[in-house]
1. Among the residues of region 113-122, are any surrounded by fewer than 24 Cβ atoms within 10 Å (Cβ to Cβ), over 15 Å from the mean Cα position of the chain (by Cα) and assigned to a helix (DSSP H, G or I)?
2. Considering (1) closer than 28 Å to SER320 by Cα; (2) of a type outside the set (Phe, Trp, Tyr); (3) open to solvent by 10 Å² or more (accessible area, probe 1.4 Å); (4) in a helix (DSSP H, G or I), say which one SER179 fails and leave the rest.
3. Residues that are without any contact (Cβ under 8 Å) to a residue 60 or more places away in the chain and open to solvent by 30 Å² or more (accessible area, probe 1.4 Å): which strands (runs of 3 or more DSSP E) entirely in region 1-94 hold 3 or more of them?
4. Answer yes or no as to whether LEU392 is in contact with a helix residue (DSSP H, G or I) (Cβ under 6 Å, 6 or more places away or on another chain), in contact (Cβ under 8 Å) with a residue 24 or more places away in the chain, assigned by TED's automatic domain parsing to the domain that holds GLY348 and open to solvent by 30 Å² or more (accessible area, probe 1.4 Å).
5. What residue, among those in region 124-143 that are away from ligand 2 (no atom under 16 Å from the Cβ) and open to solvent by less than 40 Å² (accessible area, probe 1.4 Å), is nearest to VAL62 (Cα to Cα)?
6. Take THR308 and tell me if it is farther than 30 Å from ASP410 by Cα, away from ligand 1 (no atom under 16 Å from the Cβ), in contact with a strand residue (DSSP E or B) (Cβ under 9 Å, 6 or more places away or on another chain) and not hydrophobic (A, V, I, L, M, F, W, C).
7. Can you say whether LEU117 is in contact with a Pro (Cβ under 7 Å, 6 or more places away or on another chain), away from ligand 1 (no atom under 16 Å from the Cβ), modelled with pLDDT of 95 or more and aliphatic (A, V, I, L, M), as far as the supplied structure shows?
8. Taking VAL309, is it in a strand (DSSP E or B), open to solvent by less than 60 Å² (accessible area, probe 1.4 Å) and farther than 18 Å from VAL214 by Cβ?
Amino acid sequence: MSALNSADTQWVSDGIAHLSTLVDSDLPGWSRTGFSEQDAAARDWIHGQMRALGLSVSTDPVGNVIGRLDGQDPNAPDIVIGSHSDTVPGGGRFDGIVGVVGALEVIRMLQRSDVRLRHGLRVVDFSNEEGNPQGVKLVGSRAVAGTLGAQALGATDDEGRTLAELMAAGGRSPEHVASARWDRRDVAAYLELHIEQGPHLEEAGASVGVVTRVCGISTFALEVQGRRDHAGTTPMATRADALCCAADAVLAVQRIGASGTDTVGTVGAVTTSSPLTNTISEDARVTGEFRSPDERQLHELQRALAQTVPELDARHRTRSELMWKTDVPVVMDEALSNLAIAAATNVGHQALRVYSGATHDSVEMSAMMPSAMIFVPSRAGRSHCPEEWTDLVDIGHGVDVLAEAVRLRDQA
Ligand code: HGY
Ligand code: MN
Ligand code: MN
Ligand code: MN
């Protein structure tokens, strides 16, 4: 049994509801993209909530909002909890947000229960976990881990705007990214509460999950070079139609993504510089990704697409170039995950071990300290869409487990 009283689910619900009003009404769903004015407003609100809870609060140069509750032992490294409050465009109300508001409620539970931790406790709302038009994910947690370098800050979108320019336009100071980096000697363990965003907990009837590993992601861009010709006069048998080659590549990604265990393949966009019906497309760009919880399988998927592209070029008389960026799967810390499972037991839940098909800030935190994740179910396994939903009672269970895991880790 835990020494902590249960989460105040009404307060958590009110917090989630308030954040769902800080969105871009021009976009569908609940949209609060990184470095937008809505993102800044949400981070200001979270900064204020942390201050109201008596935490020492700072917002770093990339927009991470960090609150800290002193521990009894000033020499003990901090325990870290948190997630992200930004969303994908057209996203939902719970992805990341449950972990941020839930972490604030953990502070309130400790205060209500008059429990004083030995370790300091940091609560973090990581900046821009979801990525941006420049294609860089986990921006805030990478800055904290020291892996947000010049190449990432210089990444450009289709109009040539860099990530650093996007950040500066959002009121951040990318030129000071180095000062966002934490010293790993100051932190002891990271615990993140997050919605599963998949179907496994709901299918198993489990109220709580503990994550074994976070999927690896291989992101690709396929540049296809065809030949510009007249659409009316060029025989079908002699064309070098870049868009037709791209279309075959899209279907190949779907086929290859379905070829392994727990593997997925997704195309985000197909673009061409000549979107004309009276001219055969001379170029096409296909962007997408493969994911797998298993690194060997992830490389298998990459190899399969790399082998398919020359066949497509032969069929369409095109020339293609395939470029990759791969983040390998990350295994969550075994001891901390076992502690999270014990915490779930203490508060009356049997946690199910599941892998995460989504990536998370815990990937970057894993490079700095032992990290573990607690999942709560997603209705119909849906996320990154307006239909994203998690019942408040499940969110409350997740917060109870997170709080108890903090208490257990503090005593470890
Ligand atoms: O892509 C992801 O899995 C994360 O939600 N950004
Ligand atoms: Mn998320
Ligand atoms: Mn997400
Ligand atoms: Mn994520």
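1. The answer is no, given that none of the residues of region 113-122 is surrounded by fewer than 24 Cβ atoms within 10 Å (Cβ to Cβ), over 15 Å from the mean Cα position of the chain (by Cα) and assigned to a helix (DSSP H, G or I).
2. (1)
3. Of the strands (runs of 3 or more DSSP E) lying wholly inside region 1-94, those with at least 3 residues that are without any contact (Cβ under 8 Å) to a residue 60 or more places away in the chain and open to solvent by 30 Å² or more (accessible area, probe 1.4 Å) span 56-59.
4. Yes.
5. It comes out as ALA143.
6. In short, no.
7. When the stated conditions are applied, LEU117 does not pass them.
8. no
The values are calculated or read from the model by the stated rules, or taken from the named source; none is laboratory data. Quick caveat: nothing in here was measured; it's all calculated off a predicted structure. Cβ: placed from backbone, ideal geometry, glycine included. Neighbour counts: every protein chain shown. When the accessible area is computed, the model is the full protein with side chains, heavy atoms only, and any ligands, DNA or RNA have been set aside. Shrake-Rupley method; radii C 1.70, N 1.55, O 1.52, S 1.80 Å.
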